[in-house]
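Data block below; observations after.
The values are calculated or read from the model by the stated rules, or taken from the named source; none is laboratory data. Note that the coordinates shown come from a computational prediction; the quantities given were computed from them, not determined experimentally. Methodologically, a virtual Cβ is constructed for each residue, glycine included, from the backbone with ideal geometry; neighbour enumeration extends over all protein chains shown.
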Protein chains: 2
Amino acid sequence: MELKEALQQLALLQKKMYAYNTATSALYLDSVTVAPADTAEGRGVAMGILAGEQQKLLANPEVGALLDALDARKEELEETVRRQVEELQRSYRQLSRIPADEYMEYAILTNEASDVWHKAKETSDFELFRPVLEKLVAFNRKFAVYYDDSRKPYDALLNEYERGTDMEYLDQFFGVIRERLVPLIHAIKEAPQIDDSFLHRHYPAEAQRRFSDYLMEVMGLDRRHCTIGETEHPFTLEFNNKDVRITTNYKEDNVADSMYSVIHEGGHAKYELGVRDDLQYTCLSSGVSMGVHESQSRFYENIIGRSRPFVETIFPKMQEFFPEQLGDVTAEQMYLAVNRVEPSLIRTEADELTYSLHVLIRYEIEKQLIGGTLEVKDVPEVWNRLYREYLGVEVPDDKHGCLQDSHWSGGAFGYFPSYALGSAYGAQMLKNMEQEIDVWGTVALGDLSAVSGWLKEKVHQYGSMMEPADVVKHACGAFDPTVYTDYLTKKYSEIYGLSGK
Amino acid sequence: MELKEALQQLALLQKKMYAYNTATSALYLDSVTVAPADTAEGRGVAMGILAGEQQKLLANPEVGALLDALDARKEELEETVRRQVEELQRSYRQLSRIPADEYMEYAILTNEASDVWHKAKETSDFELFRPVLEKLVAFNRKFAVYYDDSRKPYDALLNEYERGTDMEYLDQFFGVIRERLVPLIHAIKEAPQIDDSFLHRHYPAEAQRRFSDYLMEVMGLDRRHCTIGETEHPFTLEFNNKDVRITTNYKEDNVADSMYSVIHEGGHAKYELGVRDDLQYTCLSSGVSMGVHESQSRFYENIIGRSRPFVETIFPKMQEFFPEQLGDVTAEQMYLAVNRVEPSLIRTEADELTYSLHVLIRYEIEKQLIGGTLEVKDVPEVWNRLYREYLGVEVPDDKHGCLQDSHWSGGAFGYFPSYALGSAYGAQMLKNMEQEIDVWGTVALGDLSAVSGWLKEKVHQYGSMMEPADVVKHACGAFDPTVYTDYLTKKYSEIYGLSGK
């Protein structure tokens, strides 16, 4: 085949992949925002067919041959094309390594597991979920070998979610987290608590919607390319770099909840909107990994959004949206309230400081489950013990314990660590950013363009052009988790009046 | 091939068609309701790919062979399957009759024509649209021969939109319309006009939204299977009989506009929600034709929605939604206001009585354009003359004249008549319905279940199981346009105090 023709085929393949992604994303978005409640069945039929067609696109020996042919002429390819071939080969090989019958069996299992998990969570019945979780663990231990038999199983899984990480990397990371943050959290538990009761006055959804519009404006999110919808569990969905959607959920008794979900999802959106045009409709068009994505969302949410300069600059406007609710509150009170630390049971509701401990607990459990040193039946006991040890909280039941997250029911083992890594990357990005631009001076003026510009240059524009580890290196330098723990220690010691670091 | 295997392939083919329809429908729905403004490009790339894949599904010799094989064993097939084969063969043959290069050329032309038409309409510049319209007419004259070379070209096109109709049928229909309704409209122009000024007070969108919810409840639209969205030009979209969406548009200075668009679209939705379960995910799952669909939407909108019993029964509730706006209005005043007749320039804003005249004008022009007796350059002149003659209005410019509708720019010639046919079918359905159930007694109680039940039994349940003409015969008996003109004459003579029929 001529090179020109091969390149055309490569581009068409990726456009088709983009089209199927767009279709299934649109159906998903619809289903969790505006679709009528009782419509899952018909959507399921369509999604099943589309998923099958989508899989066939790549799992096709002709595609394998095309990729090999291009790979053989690597030297003649442009950098972006070379990278596309590399990424697609990786996906192709992975698909072909899992035997078709096991893949199908696993798809049926995860589909079923989701239902079982929902029911088990509702009734706080771990025994109901246990046999399914056992099967999921067994499958993942087996799949890990298909993915990469040169690594330990959990390392192979980690590599699927955040390429370049392994247990050695994470043990070191979480070791620092545990060592530096657990004592800090315990010290804060002894300090006088911050009053955040005014966050829980009545905030009508309609006013919160207008406030969200304002926050998106402050973040520089162009509404011609990014809208906001409402859903139960907020998320960001990208169609391409000109069409990204964020979602939120308004709780009328908690103004901070939606506020920070908008800023968090806005951070994800900034990433996707900032990817280069020439990567669109290819396999490189999106953010490179979950960890790097979280580094952006959590950077906006916590490092910027929960900073004193940011809260101070937006607070007068916030008072205009909520004059009755915030008339008697000062910017400083607001700053303290949105940074209140309270060790709690639920990861998704955790504050900036305790968040990584929730992730650490999941990491320790997954590592042992996949490593074969922990049995599924013992998960609740270990979970509850670790929550007591690290966070000092008692888990009353499995609904508020090891049944709270959906990840395992979807077959995702090795996914959690990215959440904490992202936060740590963000702190290092801040440190580098501060060397180059006047971060806090501009934020204090309500102007996030310098911050956004830096992130776009160092991270966003590349989409998936670079490996996750290279993006991290490019934006953070050598990974050093103490930068993150130092950032947290300094911030929260000041807030809670503890003596120094 | 074994029959069993062939049947499985047939079912799978239709499920795939359903999946692609679902995907493109979801993208379309998103684009006109919640998508950010500047996102057409990326969506276009995805839609183009999906349309290509969708077309390939059917335009495939293997599919042709499968359909032929099943057709050859027709006697062994269940009735629904036989009908599926018949419908798919028709579509297959049509696709294969148009040469691929002409099909492609035409797709490019209609895509371009839409843009040109938008610009021409905006600036009221017919000369800009003329060359494109000439090409569109030429293509359609040629395609008509591909569709059915045994018919006159316009008959072949009519048959595409409303199978079973032709110029003979429509000449007779529109002859009655012209003869009976033109004098009535002229008489009404001389009668004292109805005051509808209170419809144009300020009606906040938020209150109108709640009113829409109420109207959907009255219509018995189950919200677990049917939601309402907002868009510029209201429409109904069906995914399957458990998932239908209606849309509306709120004008704060016109409460009747959205009210009747909700009832109209609700009528379309009732049809789709009423189709039998066993027809889902097949080519028979939807309403059978545009004419029959309009018979349902216009039945709810005009025959029920603009009846005195309906207006009287909902009016007290309407006053609750709009106490300030309607406190000084009576139900009878509301009844008269929503039935105000006013010959006007724009079809989509026309009242129940003058509506068919707008359609008649388009029919006469299309018939001559496709028949070759009218040149495109003369369309504006003929258009304006017919508006003067039938409706007594002067067309000030082509924006308010022959450039107002999008249909021709999309290549749709022969589509318009269905709008008027639907209204006429509805009037005959009413006549039959009145023989069998207490239509007005139940409507007066705000209970539409008897009406809905009749329509479901006679029309909705069948989806596309029967030919349009057979559905009409089943629900209306032999088509007699004077039933429609009698209905209108009686209703509007009474409203405008004219002497009898």
- Which of the residues belonging to region B:33-52 are surrounded by fewer than 16 Cβ atoms within 10 Å (Cβ to Cβ) and either under 21 Å from the mean Cα position of the chain (by Cα) or more than 7 Å from chain A (Cβ to nearest Cβ) (or both)? B:A40, B:G44, B:G48, B:A51, B:G52
- Of the candidates A:E320, A:E294, the one satisfying the condition of being more than 25 Å from the chain's Cα centre (by Cα), in a helix (DSSP H, G or I) and either under 23 Å from A:E252 (Cα atoms) or at pLDDT 95 or above (or both) is A:E320
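Can you tell me which residues in region A:401-413 are outside any loop (DSSP other than H, G, I, E, B) and surrounded by fewer than 18 Cβ atoms within 10 Å (Cβ to Cβ)?
Result: A:G410, single match.
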- Task: Filter region B:219-248 down to the residues that are among the β-branched types (V, I, T) and either crowded, with 21+ Cβ neighbours inside 10 Å or without any contact (Cβ under 8 Å) to a residue 24 or more places away in the chain (or both), then identify the one that is farthest from B:H460 (Cα to Cα).
- Result: B:T248
- Taking the stated definitions as given, is A:A19 of a type in the set (G, A, S), without any contact (Cβ under 8 Å) to a residue 12 or more places away in the chain and within 14 Å of chain B (Cβ to nearest Cβ)? yes
- Task: Could you check, for region B:262-276, whether at least one of its residues is within 14 Å of another protein chain (Cβ to nearest Cβ) and among the acidic types (D, E)?
- Result: yes
- What tally of residues in region B:450-466 results from selecting those that are assigned to a helix (DSSP H, G or I) and polar (S, T, N, Q)? 2
- Message: Every residue in region A:468-481 that is assigned to a loop (DSSP other than H, G, I, E, B) and surrounded by fewer than 16 Cβ atoms within 10 Å (Cβ to Cβ), please.
- Response: A:G477, A:A478
- Would a scan of region A:213-226 turn up a residue that is outside any helix (DSSP H, G or I), farther than 30 Å from A:H407 by Cβ, more than 14 Å from chain B (Cβ to nearest Cβ) and not charged (D, E, K, R)? yes
- In region B:161-204, which residues are part of a helix (DSSP H, G or I), under 30 Å from B:M318 (Cα atoms) and aromatic (F, W, Y)? B:F198
- Quick one: A:L67 ticks every box in (1) at the interface with another protein chain (Cβ under 8 Å from one of its Cβ atoms); (2) crowded, with 16+ Cβ neighbours inside 10 Å; (3) over 28 Å from the mean Cα position of the chain (by Cα) bar one, so which box is it? (1)
- Task: Take region B:180-215 and flag every residue that is without any contact (Cβ under 8 Å) to a residue 60 or more places away in the chain and charged (D, E, K, R).
- Result: B:E190, B:E206, B:R209, B:D213
- Just one of the numbered conditions (1) facing chain B (nearest Cβ under 9 Å); (2) under 30 Å from A:L133 (Cβ atoms) is not true of A:D30; which one? (2)
- Message: Restricting to region A:90-147, name every residue that is surrounded by fewer than 14 Cβ atoms within 10 Å (Cβ to Cβ), small (G, A, S) and under 26 Å from the mean Cα position of the chain (by Cα).
- Response: A:A138
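Quick one: which of B:A256, B:A269 is assigned to a helix (DSSP H, G or I) and crowded, with 24+ Cβ neighbours inside 10 Å?
Values: B:A256 fails: crowded, with 24+ Cβ neighbours inside 10 Å.
Sole residue among the options that is assigned to a helix (DSSP H, G or I) and crowded, with 24+ Cβ neighbours inside 10 Å: B:A269.
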- Would you check if A:K251 is in contact (Cβ under 8 Å) with a residue 60 or more places away in the chain, more than 14 Å from chain B (Cβ to nearest Cβ) and among the basic types (K, R)? no
- Query: What is the number of the single condition among (1) within 18 Å of A:V338 (Cβ to Cβ); (2) surrounded by 13 or more Cβ atoms within 10 Å (Cβ to Cβ) that A:V176 does not meet?
  - Reply: (1)
- May I ask you to list the residues in region B:10-30 that are surrounded by fewer than 18 Cβ atoms within 10 Å (Cβ to Cβ) and among the small types (G, A, S)? B:A11
